[in-house]
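Shown next, in structure tokens, is the structure this report addresses.
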Amino acid sequence: MLMDENKKNRSGCITFLAIINAAGLILTIVFWGLVFFKHPVSYPWEMTYLADRANSAVTYAFMIGDIIYSVPLLLLAWIGLWRLKIWGWLAAQMVNALWIYSMTVILFRDAFTSMSPGGILFIPFAVISAWAVPYLWIHRAKFFDKN
């Protein structure tokens, strides 16, 4: 019964955002898994020049940050938005802030080099997040328990 009620109350936009968070979760894990196992970027300690070490360190720092913060928040946002839970709303807003912040850094860095695979792959999530922040804020009442 609860799932039927959630489906009835969940708008198409909230369903879309839940699915986008699920896709973001999967793509983040696959992307960083490929970076970790395929090793396309040398480790910082393998680099000679300071600028190369710094660039490499930033890449691996983003990987660590995404695994520690983004992956759990994406999971919570996906499930919580789907179930119309306030913790899902909060996790989604946190994920939105992370997408906007991290893509700002990545796109600024890429403006001085070349477009990175992560920049290309994840820019749609930042664009959706810029729309989702005010949308979720306006519709936050849907997420408060009615019991």
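Overview of values
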{"item": "Residue in region 35-57 that is open to solvent by 30 Å² or more (accessible area, probe 1.4 Å), β-branched (Val, Ile, Thr) and assigned to a loop (DSSP other than H, G, I, E, B) present", "result": "yes"}
{"item": "Hits in region 113-143 (condition: closer than 13 Å to Ala92 by Cβ and of a type outside the set (A, V, I, L, M, F, W, C))", "result": "Ser129, Pro134, Tyr135, His139, Arg140, Lys142"}
{"item": "Restricting region 1-34 to residues that are surrounded by fewer than 16 Cβ atoms within 10 Å (Cβ to Cβ) and hydroxyl-bearing (Ser, Thr, Tyr), the residue that is modelled with the lowest pLDDT", "result": "Ser11"}
{"item": "Residue list for region 81-107, restricted to those being assigned to a helix (DSSP H, G or I), open to solvent by less than 80 Å² (accessible area, probe 1.4 Å) and more than 20 Å from Met63 (Cβ to Cβ)", "result": "Leu81, Ile86, Gly88, Trp89, Ala91, Ala92, Gln93, Asn96"}
{"item": "Test set (1) closer than 13 Å to Gly24 by Cα; (2) open to solvent by less than 50 Å² (accessible area, probe 1.4 Å); (3) among the aromatic types (Phe, Trp, Tyr) - Trp78 fails condition number", "result": "(2)"}
{"item": "Of all residues making up region 65-78, the number that are without any contact (Cβ under 8 Å) to a residue 24 or more places away in the chain and aliphatic (A, V, I, L, M)", "result": "2"}
{"item": "Odd one out for Asp110 among (1) open to solvent by 30 Å² or more (accessible area, probe 1.4 Å); (2) more than 22 Å from Trp137 (Cα to Cα); (3) modelled with pLDDT under 90; (4) out of contact with any Asp or Glu (no Cβ under 9 Å at 6 or more places or on another chain)", "result": "(1)"}
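The values are calculated or read from the model by the stated rules, or taken from the named source; none is laboratory data. Values in this document were obtained by computation on a predicted structure and should not be read as measured data. For neighbour counting, all protein chains shown are included, and Cβ atoms are generated from backbone atoms with ideal geometry for every residue, glycine included. Quick note on the areas: whole protein, heavy atoms, side chains included, nothing else; ligands and nucleic acids left out. Shrake-Rupley method; radii C 1.70, N 1.55, O 1.52, S 1.80 Å.
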